[in-house]
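S.K.: Here it is: the structure, laid out below.
Laboratory data are not the source of any read-out in this text; all were calculated from the coordinates shown. The structure presented is a predicted model; accordingly, all values stated were derived computationally and were not measured. Note that each Cβ is placed from the backbone with ideal geometry, even for glycine, and that neighbours are counted across all protein chains shown.
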């Protein structure tokens, strides 16, 4: 079956004074109709760059798309002209950004900012456009939409602004909604509301979502499939069950381990992943996680692991999954015996 | 409420300026008749001084002047007895105002354009070219630029009149000579402001809506980038007014700039006071209008009478 959106072997570099940053290396993933795919990973792992490349928002230069394909509706977005891409942005693919405080134009009424997107892509007349914009404001759960239409962003709270951002992104009923850490800048209570809203609208409009986050709780609640990024590559990808129940990559283990357990009464120290992420100016030729990995072997430093299939639609880029590697469980057992 | 309060403050500002000018003016040694002291007998000088109330103590003179000022009577020029200061301003102001306004428009239009072009072509040829022009504009003073313009456009190519005042053509060269420096300053201002705005997140949002670049620049970029430039128009206007002294001299334009300068040399007290008050009134009113315009450009700014 053809996927709605498929990213294949994407490679994005940035030229800086310090050298070339290899921000995204050989990233592949896909999104099917109506599903939510989460991309998780720490800051600088290449999550945002990946989705901004999909949206054609990477300025080139300094950015450079070295390799890869982004197949959407049967065409490669990377091969489209600026004009063709403009027709897809905002209409077929919408995007919500991380910081709602700076993502809206402070000198333009929010209603107008929603209208812009409708006007650019749909052949509605003046009055209908306004009606549609007000309808969008209502749809994202803001009361008095007709009055809110005439207000400016500074008259909205952070959560409300993010709702407006969602209204803008969904105004043309896109097939894919890309949400780049949509709740990171919001209060926890507001986070839940905004996520619920996105889930509801997704079902209502039959939109797929690419959700970028570093919050595993959010992932568990909203996503069907997960891609874990580290050092510019997807180290593990699979369904939510795969990732949470049967993680096959030490980095995923580390991520899951570092989540504090609030159900237990006893006080426990947080478990961090020791060390720091790799230098993407000159990424290691082997696995980027090897220097921080408790289970690193010689081969990990020497050679980049391929994506091992460890289940149906579940793969991990880790040598531990190579059939030649002794099973970790065996090693542990052997250690106990010795 | 805000406007009433502002208008009162403006009056007070002008009164303070007038008082300070009066004080400073009296501190300058000499009086309007100092150069006649050798020729005229002492009694005559005393009579003339008495005619203009210059024999009164300074506080009394000050009160008398303020009394007249309150009725918008700026007095009579000592230098040319036949003319009152109101008349001098009425005669000279139109030329100066036309010159200043034209220069302001030129500086704004070309300065903003140059700045926007530079920002959109950041670190490319057009950026370097625009900033090269801007540097020239900033570093060449008007009294050098003006003769150069006259040499080429008037003398060599005969496109425009050399000097003096009359038709609109006469005003073109002086307006450009006057506009050069502020134009360059605005261009640099606008460039850095525009660069900053185009890197903002909301530009990315607009880009993600699939809007064409022209829309990004015009409806999202310029409106936000122009704010710091608007606040610069006040001081700019002052620059243009003071700049007219030199330009009016070079192009032999009958504006009020020359009265302002000449009156100080001649200690023509009423003219010094009159022109100063006139200029400062313009400045104060301009600043007021700019504050009002903010409200329309930036909805975040609400004008209040303070204390809220």
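S.K.: Would you pick out the residues in the range A:150-162 that are in contact (Cβ under 8 Å) with a residue 24 or more places away in the chain, within 14 Å of chain B (Cβ to nearest Cβ) and either under 27 Å from the mean Cα position of the chain (by Cα) or under 19 Å from residue A:130 (Cβ atoms) (or both)?
M.R.: A:150, A:151, A:152, A:153, A:156, A:158, A:161, A:162
S.K.: Ok, one more. So, in the range B:188-211, exactly how many residues are facing chain A (nearest Cβ under 10 Å), more than 24 Å from residue A:84 (Cβ to Cβ) and in contact with a helix residue (DSSP H, G or I) (Cβ under 6 Å, 6 or more places away or on another chain)?
M.R.: The qualifying residues number 1.
S.K.: Out of the range B:255-304, which residues are part of a helix (DSSP H, G or I), within 14 Å of another protein chain (Cβ to nearest Cβ) and in contact (Cβ under 8 Å) with a residue 12 or more places away in the chain? Break it down stepwise before answering.
M.R.: Taking the range B:255-304 first, the residues part of a helix (DSSP H, G or I) are B:257-266, B:269-297.
Cutting the leftovers down to within 14 Å of another protein chain (Cβ to nearest Cβ) gives us B:293-297.
Hits for the range B:255-304 are B:293, B:294, B:297.
Conditions (1) surrounded by 11 or more Cβ atoms within 10 Å (Cβ to Cβ); (2) more than 30 Å from residue B:292 (Cβ to Cβ), marked per residue:
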site	(1), (2)
B:1	no, no
B:8	no, no
B:14	yes, no
B:25	yes, yes
B:33	yes, yes
B:41	no, yes
B:65	yes, yes
B:69	yes, no
B:74	yes, no
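Conditions (1) closer than 30 Å to residue A:288 by Cα; (2) in a loop (DSSP other than H, G, I, E, B), marked per residue:
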residue	(1), (2)
A:130	no, no
A:147	no, no
A:151	no, yes
A:165	no, no
A:173	no, yes
A:183	yes, yes
A:189	no, no
A:198	no, no
A:217	yes, no
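S.K.: Same structure again: Can we say residue A:142 is more than 14 Å from every other protein chain (Cβ to nearest Cβ), part of a loop (DSSP other than H, G, I, E, B) and surrounded by fewer than 22 Cβ atoms within 10 Å (Cβ to Cβ)? Spell out the reasoning first.
M.R.: On the way: more than 14 Å from every other protein chain (Cβ to nearest Cβ): yes; part of a loop (DSSP other than H, G, I, E, B): yes; surrounded by fewer than 22 Cβ atoms within 10 Å (Cβ to Cβ): yes.
Considered against the rule, which asks whether it is more than 14 Å from every other protein chain (Cβ to nearest Cβ), part of a loop (DSSP other than H, G, I, E, B) and surrounded by fewer than 22 Cβ atoms within 10 Å (Cβ to Cβ), residue A:142 comes out as yes.
Quick grid of which residues meet (1) touching a strand residue (DSSP E or B) at 6+ places or on another chain (Cβ under 7 Å); (2) under 25 Å from residue B:99 (Cα atoms); (3) free of Cβ contacts under 8 Å to residues at least 40 places away in the same chain:
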position: B:166; (1), (2), (3): no, yes, yes
position: B:171; (1), (2), (3): no, yes, no
position: B:182; (1), (2), (3): no, yes, no
position: B:189; (1), (2), (3): no, yes, no
position: B:211; (1), (2), (3): no, no, yes
position: B:215; (1), (2), (3): no, no, yes
position: B:233; (1), (2), (3): no, yes, no
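S.K.: Kindly evaluate residue B:91 against the criterion of being farther than 30 Å from residue B:187 by Cα and surrounded by 15 or more Cβ atoms within 10 Å (Cβ to Cβ). Don't jump to the end; show me each part of the working.
M.R.: Values: farther than 30 Å from residue B:187 by Cα: yes; surrounded by 15 or more Cβ atoms within 10 Å (Cβ to Cβ): no.
No: the conditions fail for residue B:91.
S.K.: Could you tell me whether any residue of the range A:83-95 is without any contact (Cβ under 8 Å) to a residue 12 or more places away in the chain, within 27 Å of residue B:122 (Cβ to Cβ), in contact with a helix residue (DSSP H, G or I) (Cβ under 7 Å, 6 or more places away or on another chain) and surrounded by 14 or more Cβ atoms within 10 Å (Cβ to Cβ)?
M.R.: no
S.K.: Further question on the same structure: Identify all residues within the range A:265-315 that are in a helix (DSSP H, G or I) and out of contact with any helix residue (DSSP H, G or I) (no Cβ under 6 Å at 6 or more places or on another chain); write none if there are none.
M.R.: Of the range A:265-315, the ones in a helix (DSSP H, G or I) are A:290-292, A:298-302.
Scanning the range A:265-315 gives A:291, A:292, A:298, A:302.
S.K.: Go through the range A:128-149 and count every residue that is under 25 Å from residue B:297 (Cα atoms) and more than 26 Å from the chain's Cα centre (by Cα). If you could, list the steps in order and put the result at the bottom.
M.R.: As a first pass, look at the range A:128-149 and keep what is under 25 Å from residue B:297 (Cα atoms): A:129-130, A:133-134, A:137, A:145-149.
Filter again for more than 26 Å from the chain's Cα centre (by Cα), leaving A:129-130, A:133-134, A:145-149.
Qualifying residue count for the region: 9.
S.K.: In contact with a helix residue (DSSP H, G or I) (Cβ under 9 Å, 6 or more places away or on another chain) and crowded, with 22+ Cβ neighbours inside 10 Å, is that true of residue A:194? Don't jump to the end; show me each part of the working.
M.R.: Values: in contact with a helix residue (DSSP H, G or I) (Cβ under 9 Å, 6 or more places away or on another chain): yes; crowded, with 22+ Cβ neighbours inside 10 Å: yes.
Yes; evaluated as a whole, the condition is true for this residue.
S.K.: So, residue B:175, is that one within 26 Å of residue B:235 (Cα to Cα) and either more than 14 Å from chain A (Cβ to nearest Cβ) or out of contact with any helix residue (DSSP H, G or I) (no Cβ under 7 Å at 6 or more places or on another chain) (or both) or not?
M.R.: Details: within 26 Å of residue B:235 (Cα to Cα): yes; either more than 14 Å from chain A (Cβ to nearest Cβ) or out of contact with any helix residue (DSSP H, G or I) (no Cβ under 7 Å at 6 or more places or on another chain) (or both): yes.
In short, yes.
S.K.: Further, regarding this structure: Among the residues of the range A:92-108, which ones are within 8 Å of chain B (Cβ to nearest Cβ) and over 19 Å from the mean Cα position of the chain (by Cα)? Spell out how you get there, then give the answer.
M.R.: Looking only at the range A:92-108, we keep the residues that are within 8 Å of chain B (Cβ to nearest Cβ), and these are A:94-95, A:97, A:99, A:102-108.
Those that are within 8 Å of chain B (Cβ to nearest Cβ) and over 19 Å from the mean Cα position of the chain (by Cα): A:102, A:104, A:105, A:106, A:107, A:108.
S.K.: A follow-up question, please. So residue A:36 clears everything in (1) away from chain B (no Cβ under 12 Å); (2) in contact (Cβ under 8 Å) with a residue 12 or more places away in the chain; (3) more than 25 Å from residue A:160 (Cα to Cα) except one condition, right? Which one?
M.R.: Unmet condition: (3).
S.K.: Tell me which of these residue B:122 doesn't satisfy, since it passes every other one: (1) in contact with a helix residue (DSSP H, G or I) (Cβ under 8 Å, 6 or more places away or on another chain); (2) surrounded by 15 or more Cβ atoms within 10 Å (Cβ to Cβ); (3) within 14 Å of chain A (Cβ to nearest Cβ).
M.R.: Only one criterion is unmet by residue B:122, namely (2).
S.K.: Sort through A:57, A:80 and tell me the only one that's within 30 Å of residue A:17 (Cα to Cα), within 20 Å of the chain's Cα centre (by Cα) and within 14 Å of chain B (Cβ to nearest Cβ). Quick ask: steps written out before the conclusion?
M.R.: Details: A:80 fails: within 20 Å of the chain's Cα centre (by Cα).
Step by step, each of A:57, A:80 is checked, and only A:57 is within 30 Å of residue A:17 (Cα to Cα), within 20 Å of the chain's Cα centre (by Cα) and within 14 Å of chain B (Cβ to nearest Cβ).
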